[in-house]
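Right, one structure below, let's go through it.
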Amino acid sequence: MMDVSVDDVISRIDRDELVRFTLEICTIDSPVGHEMAVAERLEDWFEREGFSHAFKRALTIESLHQAACVYARTALTICG
């Protein structure tokens, strides 16, 4: 396991990409109870970003749905 600090992780975040991705997620039609499109987009992002096979295996549709709900609430706060 790598020893990486929170500051190291934060320093690697591309802020412009984070804003772009957040705005993209905000534009997906996903009323409460219908967040599957956001979950699918998050799954695509995990795949594109090269998350490990073990990590992807641990993901389920339910966990992606939950992640989409959390992301949607957070994005709503950010996007207003």
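The values are calculated or read from the model by the stated rules, or taken from the named source; none is laboratory data. From a predicted model like this one, the values you see are computed outputs, not experimental measurements. Don't worry about glycine lacking a Cβ; one is built from the backbone with ideal geometry, like all the others, and counts go over all protein chains shown.
Selection of region 5-25 for residues being in a loop (DSSP other than H, G, I, E, B) and closer than 18 Å to Glu49 by Cα yields Arg12, Ile13, Asp14. The numbered conditions (1) touching a helix residue (DSSP H, G or I) at 6+ places or on another chain (Cβ under 7 Å); (2) without any contact (Cβ under 8 Å) to a residue 40 or more places away in the chain are all true for Thr22 except (2).
Filtering region 26-43 to residues that are surrounded by 10 or more Cβ atoms within 10 Å (Cβ to Cβ) and either in a helix (DSSP H, G or I) or acidic (Asp, Glu) (or both) leaves Cys26, Glu35, Met36, Ala37, Val38, Ala39, Glu40, Arg41, Leu42, Glu43. For region 45-57, filtering for residues that are at pLDDT 65 or above, part of a helix (DSSP H, G or I) and surrounded by 10 or more Cβ atoms within 10 Å (Cβ to Cβ) leaves 3.
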